[in-house]
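What follows is a single structure, written as structure tokens, with notes after it.
Throughout, read-outs are computed from the coordinates displayed, never taken from laboratory work. These numbers come from a predicted model, not from an experiment. No Cβ is skipped: glycine too gets one built from the backbone with ideal geometry, and neighbour counts run over all protein chains shown.
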Amino acid sequence: MSATPPNPLALDILAVAAHRDDVEQTCGGTLLKMAQMGHRTGILDLTKGEMGTRGSAEDRAREALDAAKILCVSWRHALDVPDGRVENTWENRVKVARVIRETTPRVLILPYWKGRHPDHYTASILGYEACFLAGLKKLEIGSEPHRPFKIIYATLYYDIRPTFVVDITDQFEARFESLMAYKTQFSDQEAGSGIFPAHAEIRARVEAMARYYGMLAGVTYGEPFLQKEVGLVEDLTLIPVKSI
Ligand SMILES: [Zn+2]
């Protein structure tokens with residue numbers, strides 16, 4: 001009789017996104033906050049960023065690790081799905097399902113399922129379907145079957161009313177710093193300046209978004225999320241966010 005040894009890769013919360021820096025832009029403050037509360041957090045990037053206008057995939061790998069350190073993330077990995085060509089194929093679903101089984105997260109954060117960039121909304125559906133696969137007992141893709149208990153969607157890239165907001169007032173500066181760790185993408189440069197605004201402009205945009213979602217929840221800075229399920233309440237007197 002021997003107990004199963006604890007899984008050294010086990011995470012409480014895993015965020016999956018199409019591109020390196022998506023997590024920093026949409027839910028980095030939340031990941032940092034969860035790590036500060038003692039949860040083990042992780043990031044799975046589906047692509048390595050080889051199609052980016054600036055910097056190589058190697059530059060982005062280094063920057064992604066710097067950003068992960070700032071967000072106190074325990075685990076970060078990038079799959080080899082082609083950048084700009086994230087497709088919801090069997091092969092890709094299995095790749096993500098393997099990671100879900102290996103890291104056994106209770107909570108999975110996915111991108112919202114609508115958006116401008118096809119990689120983003122495809123990553124959302126791909127991630128959801130990978131969760132389903134990961135739980136199939138008869139599917140032999142290594143590791144024990146596992147499904148996250150909760151799947152939530154980071155909606156910051158899309159204009160939709162979130163079902164809840166995480167207060168990231170205390171994490172906002174570090175979250176912005178984690179984004180700035182992508183020096184090849186965000187430092188003031190000439191190349192591709194039409195797509196990549198200067199530092200001050202990015203700061204203003206990121207701050208405006210975080211302020212807006214914070215305002216909806218009555219805090220200074222917030223990050224928006226959507227859940228498909230209803231909320232469950234035990235005590236009406238403890239429901240946060242003022243009505244009037
Ligand atoms: Zn992206």
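Stretching the chain fully between Glu173 and Ala61 yields a gain of 38.1 nm (0.36 nm per residue, less the alpha carbon separation). Placing a label point 7 Å from the Cα of Leu136 along the Cα-to-Cβ direction, the residues of the stretch 73-102 whose backbone N falls under 16 Å of that point are 88-101. By DSSP, what percent of the beta bridges with both residues in the chain are antiparallel, rounded to the nearest 5? Antiparallel bridges make up about 25 percent of those DSSP assigns within the chain. Rounded to the nearest 500, the helix-only mean residue ellipticity at 222 nm of the chain stands at -11500 deg cm²/dmol, with each DSSP H run of n ≥ 4 adding -39,500 (n - 2.57). Annotation for Ala198 and Leu232: the two label points, set 7 Å from Cα along the Cα-Cβ direction, are 5.2 nm apart. Electrostatic bookkeeping for Glu91 treats Lys and Arg as +1 and Asp and Glu as -1; over the other residues with beta carbon under 12 Å from its beta carbon, the sum is +1.
Computed extension gain for His77 through Thr4, at 0.36 nm per residue and net of the alpha carbon distance, reaches 23.8 nm.
Ordering 223-230, 135-142 by mean Cβ neighbour count within 10 Å, with the highest value first, yields 223-230, 135-142.
Restricting the calculation to Cα atoms, every distinct pair contributes to the Kirkwood radius of the stretch 59-196, found to be 16.9 Å.
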